[in-house]
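Here's the structure, in structure tokens; my notes come after.
The values are calculated or read from the model by the stated rules, or taken from the named source; none is laboratory data. All values reported here derive from a predicted model rather than from experimental measurement. Using ideal geometry, Cβ is built from the backbone for each residue, glycine included, and neighbour counts are taken over all protein chains shown.
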Amino acid sequence: MKEKLGFWSIVLLGINCIIGTGIFGLPNKAYAMIGEASVGVIIFDALLVISIALCFAEAAGRFKVNGGPYIYAKEAFGTFFGYEVGLMKWLMGIIGWATFAVFLGNRLALVFPMFDTPTGRMAIAIFSILFWSVVNLMGVRSSKIVNNIVTLGKLLPLFLFIFAGIFLFGKVDTATLAEGAAIASPNGNTLVEAAILFFFAFTGFEAIGIAAGDMVDPQKNLPKAIVVVMLIVSAVYIAILLICMKVLGPSLAVSKAPVAEAAGVLLGKGGKSFIMTGILISIIGINMAGSYTSTKSGVALAETGLVPEFFLKTNSKGVHYNAVLASMFGTIILAMSGSFAALASIGVIVRFIQYIPTCAAVLIFRKRDRENGIKYDGFTIPFGSTVPIIALVVSIILLIKAGIATPHKIVYGLGGLVVVAPFYRFSKERMQKMDEKVALGGAN
């Protein structure tokens, strides 16, 4: 019998999907923009993101198949909308994985100078892609074990840092810290910029539901796991920002590695080295998460007929090996071409074509339940429609603000949606046949 992800493995996968390297460099950027107001902004952002995540949690409780936001959009708005979300999600997953792999190559080249050449850095990136593909081909058990170890490995330095910040602050000498830069009083524009900066640091939770088919009782465990993940990540982010501000003071604004420098103040050189190791583990971990979720995106599309059933062929471990290989080769090609950086610009649109439809889908699913006299006994967001509406409005506002700040990313993203649209007709017949199988109980 195929092994599946239990509750805590789902939680660790979610944390691994969110916590990358951004949080290690985020406190200085936010503090330089708005100073101590960054605390209020990150708490505000955490509440906003949790409201969106709650919508994902309620939607996830209705399905036990792979797909996540793709399935929610398809069931709420129809196959074409699902097609756009699903295909763009798979593409963005591959682009993201290529970005992570190249970033890993660049970082490891700094640690091992013999690889500090274009060929050496690319060799590391390709080896990473191949390695994680092999891990995925070995089955869910292997992926689960490795993900759990890597995620705990990235959390350990962060928890040690937080523990040290709570219990050691006031017992260390901060007199040698650099002078800080002058911080302008925050205004509406800088507050919005900081809010968008923090918001994207929380993203990644939307990928958890993509692998629902690999989970034990996903309709029960996935909603709870999403909530737990967001509470843990929010607490970690807020604690890190507060400790960096308290330890580094005004010098935080000019710090190049705030968490590592604060750890150095609290724990000495060993603490700083430990955090630097944690950064490296985080990069490795986000590569693992990218490889796993991008592959599952392809599987979800094949399960509903969007792409050929060729991608549903499995090996002796129950792994859809053609989906793994397709994602692997696509990632290698993008990494070697160097074009992923420009393609990554579609990420803003891809994020929000998952958030906005999912928030709206919750309201639509509830309306259908009422009209059909169905009593849904899964996870339900409290306070009626208030939270989904807030999440929907906030998502739209953030998309507009992000579009104003970086209009080219919106143009690229919309362009991507237009480019893939004509190919829908080639998939429509396959999707209809697969829907018939699902209706007959032949696919689940």
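On the stretch given as region 1-39, residues that are over 22 Å from the mean Cα position of the chain (by Cα) and over 23 Å from residue 261 (Cα atoms) total 3. Here region 298-322 is the region considered, the condition is being in a helix (DSSP H, G or I) and more than 25 Å from the chain's Cα centre (by Cα), and the residue that is surrounded by the fewest Cβ atoms within 10 Å (Cβ to Cβ) is 310.
Within region 187-237, the set of residues being free of Cβ contacts under 8 Å to residues at least 40 places away in the same chain and of a type in the set (A, V, I, L, M) comprises 235 only. Considering the conditions (1) outside any helix (DSSP H, G or I); (2) closer than 28 Å to residue 379 by Cβ, residue 256 is excluded by exactly one of them, (2). Which of the residues belonging to region 386-409 are at pLDDT below 80 and in a helix (DSSP H, G or I)? Listed by number, the residues that qualify are 402, 403, 404, 405, 408, 409. Within region 243-259, the set of residues being aliphatic (A, V, I, L, M), buried (at least 19 other Cβ atoms within 10 Å of the Cβ) and under 23 Å from the mean Cα position of the chain (by Cα) comprises 259 only.
The residue list 24, 44 contains one member that is buried (at least 20 other Cβ atoms within 10 Å of the Cβ), aromatic (Phe, Trp, Tyr) and touching a residue at least 60 places away in the same chain (Cβ under 8 Å), which is 24.
Filter region 129-153 for residues that are β-branched (Val, Ile, Thr) and more than 21 Å from residue 277 (Cα to Cα); which is surrounded by the fewest Cβ atoms within 10 Å (Cβ to Cβ)?
If we filter region 129-153 for residues that are β-branched (Val, Ile, Thr), which is where we start, we get 129, 134-135, 140, 145-146, 149-151.
Subsequent filtering for residues that are more than 21 Å from residue 277 (Cα to Cα) retains 134-135, 140.
Working: 134: 13, 135: 18, 140: 21.
Per the stated criteria, the residue is 134.
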